Amino acid sequence: MAITTVPETPRKPGRPPSPYSARPQRTSLGRKVRDNLTGHTFLIGAVLCFVVFSWYPMIRGIMMSFQRTRRGETTWVGWDNYSRIIADPSFWTAWQNTFYFTVLALVLGYAVPFFVAIMLNEFRHAKGYLRILVYLPVMLPPASALFLFKFYAYDPSEAGLFNAILKALHLPTSQWMQSPEMTMPAMVVASTWMNMGGAVLIYLASLQNIPGELYEAAELDGAGIWRRIRHVTIPQTRLILALLAMLQIVATMQLFIEPLILANGAGAEDSATSVAYLIYQHGFFQNDLNGAAALGVIMLVVLAGFSAVYVRLTAKQD
Amino acid sequence: MAQDSGTRTLISHAQLSRGRGRVIYWTLLAVVVAGFTLVFLGPLYWMVTGALKSGQEIAQTPPTLFPKDPQPQNYIDAWNNLALAKLLFNTFYYAVGAVLFQLVFDSAAAYSLSKLRPMFGNVILALMLGTLMIPAMVLIVPQYVTVLDLPILHINLLDSPFAIWLPMVANAFNIFLLKRFFDSIPEELMAAALMDGATPLRTLWSIILPLSRPILGVVSIFAVTAVWKDFLWPKLVMPSPETRTVSVGIYTFAGGTPMNVVIAASVIAAIPTVIIFLIFQRNIMSGLTAGSLKG
């Protein structure tokens, strides 16, 4: 390939010039407009999809939460939808359940993949096989995986897989999804099994970027395995750990398909009702799209609060 | 990605390859391989064989490890009663369309943002990336209402594949992945093409895209699995039995169907994505790690 030299033009700091924007001698206004038009033409398809299916619905959702539509007539009702939604007793149950799920999922679905990744990273054999195994459930359609749990693992009779194991170990069996206390832990187990593969792979990638000398030095200083994890592994993967914590919180707050399939929606004594399930209920069963929109906005605000805390915490450390 | 020999990890290789360390290493490896096989493959085995059992055998305690009297009839019933062929075809059709739409629009956008850099490109990229912060559940209601009556055009997209294809184009993660990859293609190549009088479209087609095959593959696989795994959105926008996806179909039929038939259907629904994964697992894994930040 012939090497062509492009005459130097003053550069904006930090950004290499594009050959299209950095054409020298002919920077007439017409040319510039034309270059920009070309650029925007390539963008238009994606931008339109964002406008219609993302940016506009965002604004529309906020507007809908303050409106009421009856017989094709839309009126502005202020905070009415919000007060109606909050007055509903299942609102608080749903938030309680969702938070409970999020906390359990942080303990199980967040810590476990990290330690699994640390362990897998030490192995020099069967690496590929183990990685495929952990990621396999991620590829199942969630409905398939959840029916598996619902019918086999959480069968409340002794024919269920978990009960059969418990019985073999001479431990008391459980009613699983039929018992309000077990509903959440059972959903978290199913959800962790389904989803942990992604997190494990991302941790593995970031573990492989830790310079070996750090462990070397720590070992020379007499640090045992646990102290090496605490003082080398965790600080070195801090950014990824923080990012995945955030993603995990956002993902678990949207808990929906687990209650829908495992617990037929609300579950025993409303123990499975989640905020996302409530949005679905209001919007698509009670024909209360405005109430559902208001719930969506509340969820957005709560998550924005989490994001703000996250940004603060990570900014402080840098 | 640094790997294998040479790089030292938490525990030094020397420590693992002699004496007590060696024994512990091999024991632990054996335990983990056995444990993982049991935990991740076991349920799948249970699913495939369970669907072969009779209703009576499923309710039996203790559960049997092998079906005593295999009933392939369950799979046949699932295939026929749930019209699985139609459901699978629908899902496949949506997946292929989603791949095409994403490849065309998202790579064009990423190309523009990476190489053409029009005015406000950075603002547009920031607005796109901002949507990654908005959970899908928050948008579900207004998105649904929008699909019922598209702004300006006043078209109802219910039961139309475009209701799945077009929203999937608005995928900031894929645009980000593609842009990062295009960024790594040297500007000199672009400049050379420009000197030869190539139009931007021509440069995209004959220089950028051929060099980007790996990332295009990753994006395609992500699109296929996203369609295969999605549940609530297709449930809402594809309400007719004729347009349903396979996940939604199984869910809808689960109510009045014997459970081993539902499980048989779940197995059949899982086969395509599992096969895709086993074929493309290398690409999937590299795509996952390419998208993550370096910690």
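The values are calculated or read from the model by the stated rules, or taken from the named source; none is laboratory data. These numbers were taken from a predicted model, which means no experiment stands behind them. Reconstructed Cβ throughout: ideal geometry from the backbone, glycine too, with neighbour counts over all protein chains shown. For the accessible areas, the whole protein counts, side chains as well, though only heavy atoms, and no ligand, DNA or RNA atoms are used. Shrake-Rupley method; radii C 1.70, N 1.55, O 1.52, S 1.80 Å.
Data overview
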quantity	calculated
Test for residue B:29: is it within 12 Å of chain A (Cβ to nearest Cβ), in a helix (DSSP H, G or I), at pLDDT 85 or above and open to solvent by less than 30 Å² (accessible area, probe 1.4 Å)	yes
Meets criteria (within 25 Å of residue A:199 (Cβ to Cβ) and either in a helix (DSSP H, G or I) or touching a His at 6+ places or on another chain (Cβ under 7 Å) (or both)) for residue A:50	no
The stretch B:38-76: number of residues that are open to solvent by 40 Å² or more (accessible area, probe 1.4 Å), within 7 Å of chain A (Cβ to nearest Cβ) and in a helix (DSSP H, G or I)	1
Those residues of the stretch B:1-26 which are at pLDDT 80 or above, open to solvent by less than 40 Å² (accessible area, probe 1.4 Å) and more than 7 Å from chain A (Cβ to nearest Cβ), in sequence order	B:21, B:25
In the stretch B:77-130, residue nearest to residue B:181 (Cα to Cα) [restricted to those that are more than 12 Å from chain A (Cβ to nearest Cβ) and of a type in the set (Val, Ile, Thr)]	B:99
Conditions (1) closer than 23 Å to residue A:243 by Cα; (2) more than 9 Å from every other protein chain (Cβ to nearest Cβ); number of the one not met by residue A:288	(1)
Residue in the stretch A:201-252 that is farthest from residue A:105 (Cα to Cα), counting only those that are among the aromatic types (Phe, Trp, Tyr) and crowded, with 18+ Cβ neighbours inside 10 Å	A:215
Residue ID - nearest to residue B:267 (Cα to Cα), chosen from residues in the stretch A:117-171 that are within 30 Å of the chain's Cα centre (by Cα) and hydroxyl-bearing (Ser, Thr, Tyr)	A:144
Segments classed as helices (runs of 4 or more DSSP H), wholly inside the stretch B:153-259, with at least 2 members that are modelled with pLDDT of 90 or more and surrounded by 16 or more Cβ atoms within 10 Å (Cβ to Cβ)	B:162-169, B:172-183, B:213-229, B:232-237, B:246-254
Test result for residue A:95, open to solvent by less than 40 Å² (accessible area, probe 1.4 Å) and at pLDDT 90 or above	yes
Candidate set from the stretch B:167-185 (those that are touching a Ser or Thr at 6+ places or on another chain (Cβ under 6 Å) and either of a type in the set (D, E, K, R) or within 17 Å of residue A:48 (Cα to Cα) (or both)); member that is nearest to the other protein chains (Cβ to nearest Cβ)	B:170
Subset tally (residues that are among the polar types (S, T, N, Q) and open to solvent by less than 40 Å² (accessible area, probe 1.4 Å)) for the stretch A:280-291	1
Those residues of the stretch A:261-279 which are in a helix (DSSP H, G or I) and open to solvent by 10 Å² or more (accessible area, probe 1.4 Å), in sequence order	A:268, A:269, A:270, A:277, A:278
Residue list for the stretch B:77-96, restricted to those being open to solvent by 20 Å² or more (accessible area, probe 1.4 Å) and out of contact with any Asp or Glu (no Cβ under 8 Å at 6 or more places or on another chain)	B:77, B:79, B:80, B:81, B:83, B:85, B:88, B:89, B:92, B:93, B:96
Residue identified as within 11 Å of another protein chain (Cβ to nearest Cβ) and in contact (Cβ under 8 Å) with a residue 24 or more places away in the chain among A:104, A:120, A:130, A:108	A:120
The stretch B:90-117: number of residues that are out of contact with any helix residue (DSSP H, G or I) (no Cβ under 8 Å at 6 or more places or on another chain) and not in a helix (DSSP H, G or I)	0
One residue from A:94, A:117, A:46 being of a type in the set (Gly, Ala, Ser) and closer than 30 Å to residue B:22 by Cβ	A:117
